[in-house]
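*Asks:* Encoded as structure tokens, here's the structure I'll be asking about.
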Amino acid sequence: MKRDTMISQPKGSSELRDPTACRLPEVEPAFALCIEKTRRNIRRLADEPKSGAWAVDGNYFAFPEGFYDISNWTSSFFTGMALLAWRQTGEGFFLQQVQRLAPHYRLKVYEHERDTMHDLGFLYSLYSVALFKLTGESAHRQTALRAATVLAGRFETQGQYLRAWGRMEEQGTDYAGLTIIDSMMNLPLLFWASDQCGDRRYRDAATRHADTTLRHLVRADGSVFHAYRFDPRTGQALGPNNYCGYSVDSHWARGAAWAIYGFALSYGYARDPRYLETSLNLARKFVANLDAAAIPAWDFKLPPARNPLRDSSAAAIAVCGIQELLRHQPAEAGLRAAARRMLARLCSQEYLDFDASCPGLLRQAQVGDGAGRGRNAYASWGDYFLMEALTNELVPGQPFW
Ligand code: GLY
């Protein structure tokens, strides 16, 4: 590690501290590191728009996926970080770099809309919606509403769910009839659109999808299936499926984190008490599964012989989900303490890469099934949710979602 690129690190062991005490000492140095890395990363993204999803060596810019590729769900983790940086520092540089990408975001949903999938929510909540909330510029509102319209076009009325992957006209593929737990995080774009323009159809698609997820992907014990398959023609429920966890019946930690946060955000918009209760149950189960290491294994139901690799990104997302839950249920002391333990741990040298020349922040994210090429990688989504969690600690306020 080069000395001249080092940023000062938090001192001492976080495990020795009372997790319910006031602000964690790890927060400010970790946030300063986020700002520093974001300063470099956002310029590189604006110079050459791409997805930058993940990297074993932390160099996201070598990731071979273009901005307009159908599988790109990650570009906005960089813009989201830049907008958090701008909100916090007021430095115009961050906003200018993010604004350079506006024509690309516009083109993606006006001219490349057939090559998009359900993660338009991730992409446009952390770009156009966030920019509109921060600047009030109507062009961003227009692009965000267009993205919401394209996303709502993925709603399958027969089965009452948002189709996750693949072009909508492709009916003969494995992806037809498939919905996944991650999609809960795409619902805020739809709720926001209804609130903006008064058209209930976006909100109806969101609540129906959340209800379907509740019925088919959330288990009674507070764990989740990754995916669920419907007959694409009739909408008949066929059964659970898995693409990301260890197995169909396992409990993929990142999926659980998406669901905790997604249901908490849905409650914030729809005020349906079932969403709040679901998020709480999922969060309690998640926390009950943590061991002394504080960071979840990538799947909570691994066979004993499997190495329980940790997924730092699942922890970062879960912290944000719990922070959102605590806005609605501030008395949940156990969840608050667990979130602070996770956050402190993520800010330790084991997880946080203090080398400012490395684009990646958080080590040890598990991509895909945890056994393939994305083992112990840096993931742009983990970095974003870490920065969001830190921001919430510094200045509690509304997230971009
Ligand atoms: N598709 C989101 C994830 O891999 O967590």
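The values are calculated or read from the model by the stated rules, or taken from the named source; none is laboratory data. In this text, all values refer to a predicted model and were calculated from it rather than measured experimentally. Cβ: placed from backbone, ideal geometry, glycine included. Neighbour counts: every protein chain shown. Protein only, heavy atoms only, side chains kept; ligands, DNA and RNA dropped before computing areas. Shrake-Rupley method; radii C 1.70, N 1.55, O 1.52, S 1.80 Å.
*Asks:* For the range 286-297, check the following and say yes or no: at least one residue is acidic (Asp, Glu), more than 23 Å from ARG163 (Cα to Cα) and over 18 Å from the mean Cα position of the chain (by Cα).
*Replies:* Taking every residue of the range 286-297 in turn, at least one turns out to be acidic (Asp, Glu), more than 23 Å from ARG163 (Cα to Cα) and over 18 Å from the mean Cα position of the chain (by Cα).
*Asks:* Kindly indicate whether any position in the range 299-316 is of a type in the set (Lys, Arg), in contact with an Asp or Glu (Cβ under 7 Å, 6 or more places away or on another chain) and crowded, with 17+ Cβ neighbours inside 10 Å.
*Replies:* No; the residues of the range 299-316 include none that is of a type in the set (Lys, Arg), in contact with an Asp or Glu (Cβ under 7 Å, 6 or more places away or on another chain) and crowded, with 17+ Cβ neighbours inside 10 Å.
*Asks:* Right, here's the next one. Across the range 234-284, what is the total count of residues that are under 26 Å from ARG306 (Cα atoms), outside any loop (DSSP other than H, G, I, E, B) and β-branched (Val, Ile, Thr)?
*Replies:* Of the residues in the range 234-284, 1 are under 26 Å from ARG306 (Cα atoms), outside any loop (DSSP other than H, G, I, E, B) and β-branched (Val, Ile, Thr).
Matching residues to (1) more than 16 Å from the ligand (Cβ to nearest atom); (2) in contact with a His (Cβ under 7 Å, 6 or more places away or on another chain); (3) farther than 22 Å from ASP299 by Cα:
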{"site": "ALA205", "(1), (2), (3)": "yes, no, yes"}
{"site": "ARG215", "(1), (2), (3)": "yes, no, no"}
{"site": "THR234", "(1), (2), (3)": "yes, no, yes"}
{"site": "ALA237", "(1), (2), (3)": "yes, yes, yes"}
{"site": "PRO240", "(1), (2), (3)": "yes, no, no"}
{"site": "GLY245", "(1), (2), (3)": "no, yes, no"}
{"site": "HIS251", "(1), (2), (3)": "no, no, no"}
{"site": "ARG254", "(1), (2), (3)": "no, no, no"}
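*Asks:* Which one is nearest to LEU107 (Cα to Cα), of the residues in the range 22-38 that are at pLDDT 95 or above and open to solvent by 20 Å² or more (accessible area, probe 1.4 Å)?
*Replies:* So the residue we want is GLU36.
*Asks:* I would also like to ask the following. Among what's in the range 380-401 and is open to solvent by less than 20 Å² (accessible area, probe 1.4 Å) and of a type in the set (A, V, I, L, M, F, W, C), pick the residue that is farthest from the ligand (Cβ to nearest atom).
*Replies:* Of everything passing the filter in the range 380-401, LEU390 is farthest from the ligand (Cβ to nearest atom).
*Asks:* Which one of CYS347, CYS358 is away from the ligand (no atom under 15 Å from the Cβ), among the hydrophobic types (A, V, I, L, M, F, W, C) and touching a Pro at 6+ places or on another chain (Cβ under 9 Å)?
*Replies:* Step by step, each of CYS347, CYS358 is checked, and only CYS347 is away from the ligand (no atom under 15 Å from the Cβ), among the hydrophobic types (A, V, I, L, M, F, W, C) and touching a Pro at 6+ places or on another chain (Cβ under 9 Å).
*Asks:* Out of ASN72, ASN41, I need the residue that is open to solvent by 10 Å² or more (accessible area, probe 1.4 Å) and at pLDDT 80 or above. Which one?
*Replies:* After applying the criteria, what remains is ASN41.
*Asks:* Next question. Could you identify the single residue in ALA333, ALA379, ALA356 that is within 25 Å of SER51 (Cα to Cα) and over 15 Å from the mean Cα position of the chain (by Cα)?
*Replies:* ALA356
*Asks:* I've got another one for you. Based on this model, can you work out whether GLY321 counts as within 14 Å of the chain's Cα centre (by Cα) and within 15 Å of the ligand (Cβ to nearest atom)?
*Replies:* Considered against the rule, which asks whether it is within 14 Å of the chain's Cα centre (by Cα) and within 15 Å of the ligand (Cβ to nearest atom), GLY321 comes out as yes.
*Asks:* So SER183 fits all but one of (1) under 17 Å from the mean Cα position of the chain (by Cα); (2) away from the ligand (no atom under 14 Å from the Cβ); (3) among the polar types (S, T, N, Q); what number is the exception?
*Replies:* The one condition SER183 does not meet is (2).
*Asks:* Let me ask something additional. What are the pairs, 6+ residues apart or on separate chains, where a residue within the range 62-76 that is assigned to a loop (DSSP other than H, G, I, E, B) and within 16 Å of the ligand (Cβ to nearest atom) has its Cβ under 9 Å from a residue that is of a type outside the set (A, V, I, L, M, F, W, C) and open to solvent by 60 Å² or more (accessible area, probe 1.4 Å)?
*Replies:* Partner pairs satisfying both residue conditions: ILE70/HIS112; ILE70/ARG114.
*Asks:* For the range 366-379, what are the residues that are modelled with pLDDT of 90 or more and more than 11 Å from the ligand (Cβ to nearest atom)?
*Replies:* Matches in the range 366-379: ARG375, ASN376, ALA377, TYR378.
*Asks:* Any residue at all in the range 277-295 that's more than 16 Å from MET342 (Cβ to Cβ) and surrounded by fewer than 20 Cβ atoms within 10 Å (Cβ to Cβ)?
*Replies:* Checked against the condition, which is being more than 16 Å from MET342 (Cβ to Cβ) and surrounded by fewer than 20 Cβ atoms within 10 Å (Cβ to Cβ), the range 277-295 yields at least one hit.
*Asks:* Then there's this: Is it fair to say ALA210 is touching a strand residue (DSSP E or B) at 6+ places or on another chain (Cβ under 9 Å) and either part of a helix (DSSP H, G or I) or open to solvent by less than 30 Å² (accessible area, probe 1.4 Å) (or both)?
*Replies:* Spelling it out, it is not the case that ALA210 is touching a strand residue (DSSP E or B) at 6+ places or on another chain (Cβ under 9 Å) and either part of a helix (DSSP H, G or I) or open to solvent by less than 30 Å² (accessible area, probe 1.4 Å) (or both).
*Asks:* Look through the range 127-183, keep the residues that are among the aromatic types (Phe, Trp, Tyr) and open to solvent by less than 10 Å² (accessible area, probe 1.4 Å), and return whichever of them is farthest from ALA227 (Cα to Cα).
*Replies:* For the range 127-183, the residue satisfying everything is TYR127.
*Asks:* Can you find a residue that is open to solvent by 40 Å² or more (accessible area, probe 1.4 Å), farther than 20 Å from THR157 by Cβ and modelled with pLDDT of 95 or more anywhere in the range 222-238?
*Replies:* no
*Asks:* Can you say whether GLU350 is within 26 Å of ARG271 (Cα to Cα) and not hydrophobic (A, V, I, L, M, F, W, C), as far as the supplied structure shows?
*Replies:* no
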